[in-house]
Every structure is written in C-alpha cells, then in structure tokens.
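A short write-up of the structure that comes next.
The values are calculated or read from the model by the stated rules, or taken from the named source; none is laboratory data. Note that the structure is predicted; figures quoted are calculated from it, not measured. Backbone-built Cβ (ideal geometry, glycine too); neighbour counts: all protein chains shown. Just the protein is used for accessible areas: all its heavy atoms, side chains included, with ligands, DNA and RNA removed. Shrake-Rupley method; radii C 1.70, N 1.55, O 1.52, S 1.80 Å.
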Amino acid sequence: MSNLQPWNEYPTWHALFDALCRNANHYDNARLATELCAKLNNNSQSAYTTALKNLANWRSGKHLPRRSYFDAISELIGIDHYDGLAPVWEQMFADAGKRAQDKASEEPHAERIFQPSALPQSEMPGHRSASWRRTAFATAAGMLCAGVAGYGLAGMGGLSGVENDDQLSIVVYNHWALQVDDTVILHGARADRCGSAPPAWADVKRNLPPSQLGEYLDGGIAVRDSHACGGPTPVRVVRFKATHPGIQDLVLYDDPISIEVQ
C-alpha cells in the first residue's frame with residue numbers, strides 16, 4: 001500500500017490502473033494476462049496473446065477495456081480491498097470513456113459516427129428468423145452502451161446478408177451453438193480512426209483467424225459499440241456460416257468467441 005499515492009492524485013484512470021498493477025507486482029503483464037484468460041474461461045494461446053496486448057494498451061491509456069474486461073480486471077487486482085477506491089475507480093473509468101467519446105466527436109477528419117436506431121422487426125432488411133432477431137441484434141442504444149455479451153442460439157440457417165445498413169446495431173456474443181448451415185453475425189471490424197468508414201471486406205477477411213468449422217462472409221455495414229471510440233461506430237459486419245461439426249475458440253478484435261457446431 002505504501003507505494004500508492006492518494007487516489008485523487010492520479011490524473012487518469014490508466015495511470016491509476018498502472019500504479020495498482022505495479023503495486024501488485026505486475027511489472028509486466030504475463031501473470032495478469034494468464035489470470036485474465038482464466039477469469040474469462042479462455043486459456044488458448046491466441047486469447048493469451050490478445051490479453052497481453054490489451055493490458056499494455058489499457059495501462060498506457062491507448063484504449064479502454066470493454067465493461068466485461070473492466071469488471072474482470074477490477075476483481076483480479078482487488079479493487080474492493082482498497083479503502084475508498086471502488087467509487088473513485090468507477091468514476092475515473094466513466095470519465096475516461098467520456099473523454100474518448102468527446103475526442104472522437106471533435107476529430108476534424110473523422111466521418112460521422114452512425115447512431116443506432118430501434119427498427120421494428122418488419123423493417124429489418126432481408127429475411128431473418130425470429131431467433132436471428134433475438135440473438136444477433138440489439139436495437140436499443142442502452143443495451144449497446146452496457147457492453148452486452150451473451151449466448152447465441154441456434155436455428156438461424158438460410159439468412160440473407162446485411163447490405164450497407166448503417167442503422168443496424170450488432171452485439172458481440174461470447175458463445176454460439178449452431179447447426180451445420182446456420183449463419184450468424186460474429187463481430188464487426190471498425191476502421192483505425194473512430195467514426196471513419198470501415199475497411200473493405202477483402203482487407204477484413206485477410207486478417208480473420210482460420211476456422212475449420214465454417215466460412216466467413218461479408219455482412220455489409222452496420223454499427224457496434226466500441227469502448228475505444230467511446231460509443232457506436234461503423235463496422236464491416238463479419239458473418240459466419242457453419243459447415244462442419246466441432247468446437248473452436250476464436251479471438252476476434254480482442255473478444256473471445258466460442259463456436260460449437262453440431
């Protein structure tokens with residue numbers, strides 16, 4: 001405890017986070033990355049590599065963690081064990097998110113950030129089953145901002161693509177239970193600059209991890225919530241069509257995703 005300053009003397013959330021890590025002898029991120037992977041129930045090598053990268057970015061202030069990661073690291077470094085820290089920790093994290101959002105909106109070269117809208121089911125583009133609507137989309141901005149992650153359900157075969165619908169808001173699910181020929185939305189790839197047009201499908205596909213269970217498909221343009229950008233930002237939708245039975249763990253854009261195909 002003696003290595004820490006009073007909480008109000010840390011200028012930013014990431015400065016406080018780094019100090020707490022060092023105080024817990026996490027001078028590098030190796031052990032903390034291992035603990036984070038275990039906490040998130042994903043001990044694959046790719047998840048560990050991603051955790052190392054994320055922790056470096058979070059400690060340097062380059063990015064902010066998603067809420068699920070924030071809750072995990074809060075527990076791992078024992079926020080509740082420090083007297084009076086929990087409310088300060090939460091407020092500084094919220095302030096950091098607001099600053100990121102303000103910075104994105106003030107960027108002179110950034111294109112507009114698409115705002116999600118609640119579309120009635122009858123106006124959803126293409127043919128989709130009820131289970132697709134329940135599990136693949138969240139049309140409420142509040143759900144997005146809460147950093148929702150969940151469990152995807154099966155029964156979504158024969159779906160048409162999403163073509164440049166910048167009003168659709170996608171949610172990233174941690175687990176999918178699918179049948180062969182089911183097609184789901186896995187994630188969305190954003191540009192390096194928040195609010196800018198997302199990358200072309202060819203560029204996205206080139207950098208996707210290989211999968212022995214299915215194939216990746218272009219889902220057009222939508223939006224997803226991004227902690228790094230401080231809110232909704234346009235993305236190139238990454239769809240997945242199941243073709244072979246099996247189980248595989250993937251990491252897409254820092255998010256662990258488990259796919260089970262029967």
query = Of all residues in segment 4-45, which are loosely packed, with under 14 Cβ neighbours inside 10 Å, of a type in the set (S, T, N, Q) and farther than 24 Å from residue 97 by Cα?
reply = 25, 41, 43, 45
query = Just for segment 53-67: of the residues that are in a helix (DSSP H, G or I) and crowded, with 18+ Cβ neighbours inside 10 Å, which one is nearest to the chain's Cα centre (by Cα)?
reply = 54
query = Which one of the conditions (1) part of a helix (DSSP H, G or I); (2) in contact with a strand residue (DSSP E or B) (Cβ under 6 Å, 6 or more places away or on another chain) does residue 42 fail to meet, given that it meets all the rest?
reply = (1)
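Quick check: is even one residue across segment 74-88 at pLDDT below 90 and surrounded by fewer than 15 Cβ atoms within 10 Å (Cβ to Cβ)? Steps first, answer last, please.
Let us first name the residues in segment 74-88 that are at pLDDT below 90, namely none.
Within segment 74-88, none of the residues are at pLDDT below 90 and surrounded by fewer than 15 Cβ atoms within 10 Å (Cβ to Cβ).
Every residue, every condition in (1) outside any loop (DSSP other than H, G, I, E, B); (2) at negative phi, yes or no:
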{"site": "184", "(1), (2)": "yes, yes"}
{"site": "192", "(1), (2)": "no, yes"}
{"site": "209", "(1), (2)": "no, yes"}
{"site": "220", "(1), (2)": "yes, no"}
{"site": "237", "(1), (2)": "yes, yes"}
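Restricting to segment 219-242, count the residues that are more than 19 Å from the chain's Cα centre (by Cα) and open to solvent by 30 Å² or more (accessible area, probe 1.4 Å). It would help to see each step written out before you state the result.
From segment 219-242, those more than 19 Å from the chain's Cα centre (by Cα) are 241-242; that's our starting set.
Remaining after also requiring open to solvent by 30 Å² or more (accessible area, probe 1.4 Å): 241.
Qualifying residue count, segment 219-242: 1.
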